[in-house]
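Below is one structure, written out as structure tokens; the observations come after it.
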Ligand code: SR1
Ligand code: MG
């Protein structure tokens, strides 16, 4: 049967039939329904009480296709089940950073959630040059808690395997396997290039052997390293912020994968914002550099904060015997072996993170699903120059990921890549 989106009156009547939601919106109140979805997959509605607009919820519904493309790209609606399960799991681990789920319907494939009325999509805020003083700390906490508590470092082995099984999300993983790790590196028809992007930059993605090997290694890790429950699509369009709060939304791509994939997605988007600031930050003759420095500071603080909190959780649970982590080392009264293992673990996670950061940046430059940081640059030559810098930087991250020794070195590389544009110009 052909899918038809709910009409406003159908949705309003439906919501009033759910006691918990009816109570939130006001008993049988008149409701305003506005479709606001600008994502690639789903329909999203803001529903508010006309008399008391603060009484409001968000409804998200999965149609049986990819919204960006339409019915030509069918998708099963069961993807909503993964999103609801992940919202609940992450919400239990990090209630201060995940919207509350009020109701989920596995026949209509929709979820009713907390409305974040005083927050905006982070990507929009970054394009406008807004400083969010608490953002890096919030994201470090979110990443440390969600990635640690889903892993074998905390769960017992059986529970973790069961969680990984329940988290199998093949259909959406396939989208990532193709759009992030495959199509951008071949002449796939879904790719979209800026007209001014030099052909040599595109050719390099297809033929530079060290880069292709590095991307293949990251794809292997994505497909095989079932370390923890990931958000799976943690870009700056999946985060809502204001000056005091940060919320992570849209975990429909959640699955058991490598920890560095979520961390890398976030860093990639800060770095895309950094390079594109060269355009957005010059509007009205302003100086882009102060905000670029702030963006690089976010990269450093997210990584360092995440690593410190993740290790803190690991040690805390090891000391209290509340975690499974001792299994990996066994008898080690001085904790010397455990600390050495932790250091090696974080070192490997850092390299993974950089590799995924590189892949996520490249796909946003040449793949079909782009980011407004780049696409909202109207000057074709300026946009292409920024895109070339993103590609060069991403390639270095991928190829040098084992050699880059710390996050400070990464931001130095970003600054040097940015400055090299000024030399070329
Ligand atoms: C075709 S769907 C494109 C992208 O949208 C989502 O946000 C994911 O990043 C996916 O790869
Ligand atoms: Mg999304």
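Could you tell me how many of the residues in segment 44-85 are in a strand (DSSP E or B), in contact with a strand residue (DSSP E or B) (Cβ under 7 Å, 6 or more places away or on another chain) and within 16 Å of ligand 1 (Cβ to nearest atom)? Can you show your working first?
Going through segment 44-85, the residues in a strand (DSSP E or B) turn out to be 44-49, 56-61, 65-66, 70-74.
Among the residues that remain, those that are also in contact with a strand residue (DSSP E or B) (Cβ under 7 Å, 6 or more places away or on another chain) are: 44-49, 56-61, 65-66, 71, 73-74.
Within this subset, residues satisfying the condition of being within 16 Å of ligand 1 (Cβ to nearest atom) are 44, 60, 65-66, 71, 73-74.
Total meeting the criteria: 7.
Restricted to segment 203-220, and to residues that are more than 16 Å from ligand 1 (Cβ to nearest atom) and buried (at least 19 other Cβ atoms within 10 Å of the Cβ), which residue is farthest from residue 348 (Cα to Cα)?
Taking segment 203-220 as the starting set, the residues that turn out to be more than 16 Å from ligand 1 (Cβ to nearest atom) are 203-214, 216-217, 220.
When the remaining residues are screened for being buried (at least 19 other Cβ atoms within 10 Å of the Cβ), the result is 205, 211, 214.
Numbers: 205: 25, 211: 19, 214: 14 Å.
Checked segment 203-220; the qualifying residue farthest from residue 348 (Cα to Cα) is 205.
Within segment 221-235, how many residues are in a helix (DSSP H, G or I) and either out of contact with any helix residue (DSSP H, G or I) (no Cβ under 7 Å at 6 or more places or on another chain) or surrounded by fewer than 24 Cβ atoms within 10 Å (Cβ to Cβ) (or both)?
Quick first cut of segment 221-235, residues in a helix (DSSP H, G or I) only: 221-224.
Of the ones still in play, those that are also either out of contact with any helix residue (DSSP H, G or I) (no Cβ under 7 Å at 6 or more places or on another chain) or surrounded by fewer than 24 Cβ atoms within 10 Å (Cβ to Cβ) (or both) are 221, 223-224.
Summing the residues that are in a helix (DSSP H, G or I) and either out of contact with any helix residue (DSSP H, G or I) (no Cβ under 7 Å at 6 or more places or on another chain) or surrounded by fewer than 24 Cβ atoms within 10 Å (Cβ to Cβ) (or both) in segment 221-235 gives 3.
For residues that are touching a helix residue (DSSP H, G or I) at 6+ places or on another chain (Cβ under 6 Å) and within 19 Å of residue 359 (Cβ to Cβ), tally how many sit in segment 236-256.
6
Please determine whether any residue of segment 86-97 is away from ligand 1 (no atom under 16 Å from the Cβ), surrounded by 14 or more Cβ atoms within 10 Å (Cβ to Cβ) and over 28 Å from residue 134 (Cα atoms).
No, every residue in segment 86-97 fails to be away from ligand 1 (no atom under 16 Å from the Cβ), surrounded by 14 or more Cβ atoms within 10 Å (Cβ to Cβ) and over 28 Å from residue 134 (Cα atoms).
Given the options 385, 403, name the one that is in a helix (DSSP H, G or I) and away from ligand 1 (no atom under 16 Å from the Cβ).
On the way: 403 fails: in a helix (DSSP H, G or I).
Testing whether each residue is in a helix (DSSP H, G or I) and away from ligand 1 (no atom under 16 Å from the Cβ) leaves just 385.
Taking residue 281, is it over 23 Å from the mean Cα position of the chain (by Cα) and exposed (fewer than 14 other Cβ atoms within 10 Å of the Cβ)? Quick ask: steps written out before the conclusion?
Details: over 23 Å from the mean Cα position of the chain (by Cα): yes; exposed (fewer than 14 other Cβ atoms within 10 Å of the Cβ): no.
No: the conditions fail for residue 281.
If a residue must be more than 18 Å from residue 217 (Cα to Cα) and under 17 Å from the mean Cα position of the chain (by Cα), how many such residues does segment 346-367 contain?
3
Provide a single number: the residues in segment 25-43 that are touching a strand residue (DSSP E or B) at 6+ places or on another chain (Cβ under 9 Å) and away from ligand 2 (no atom under 16 Å from the Cβ).
Residues in segment 25-43 being touching a strand residue (DSSP E or B) at 6+ places or on another chain (Cβ under 9 Å) and away from ligand 2 (no atom under 16 Å from the Cβ): 8 in total.
For residue 170, are the conditions met, namely being touching a residue at least 60 places away in the same chain (Cβ under 8 Å), at negative phi and within 16 Å of ligand 1 (Cβ to nearest atom)? First the steps, then the outcome.
On the way: touching a residue at least 60 places away in the same chain (Cβ under 8 Å): no; at negative phi: yes; within 16 Å of ligand 1 (Cβ to nearest atom): yes.
Considered against the rule, which asks whether it is touching a residue at least 60 places away in the same chain (Cβ under 8 Å), at negative phi and within 16 Å of ligand 1 (Cβ to nearest atom), residue 170 comes out as no.
Say we look at segment 4-31 and pick out the residues that are surrounded by 14 or more Cβ atoms within 10 Å (Cβ to Cβ) and not in a helix (DSSP H, G or I); which of these is nearest to ligand 1 (Cβ to nearest atom)? Steps first, answer last, please.
Filtering segment 4-31 down to residues surrounded by 14 or more Cβ atoms within 10 Å (Cβ to Cβ) leaves 6, 8, 11-12, 14-16, 18, 21-22, 24-26, 29, 31.
The next check asks that each one be not in a helix (DSSP H, G or I); those that pass are 6, 18, 26, 29, 31.
Numbers: 6: 22, 18: 28, 26: 33, 29: 33, 31: 28 Å.
The residue in question is 6.
Can you name every residue in segment 88-128 that is over 30 Å from residue 277 (Cα atoms), in contact (Cβ under 8 Å) with a residue 24 or more places away in the chain and part of a helix (DSSP H, G or I)?
Once the filter is applied, which keeps residues that are over 30 Å from residue 277 (Cα atoms), in contact (Cβ under 8 Å) with a residue 24 or more places away in the chain and part of a helix (DSSP H, G or I), segment 88-128 yields 89, 90, 93.
In segment 98-114, what residues are surrounded by 21 or more Cβ atoms within 10 Å (Cβ to Cβ) and over 18 Å from the mean Cα position of the chain (by Cα)?
We begin by selecting, within segment 98-114, every residue surrounded by 21 or more Cβ atoms within 10 Å (Cβ to Cβ); these are 98-99, 109-113.
Within segment 98-114, 109, 110, 111, 112, 113 qualify.
Rule-based calculations on the coordinates, nothing more; no lab input. Fair warning: this is a prediction, and the values are worked out from it, not measured in the lab. So basically every Cβ, Gly included, is an ideal-geometry build from the backbone, and we count neighbours across all protein chains shown.
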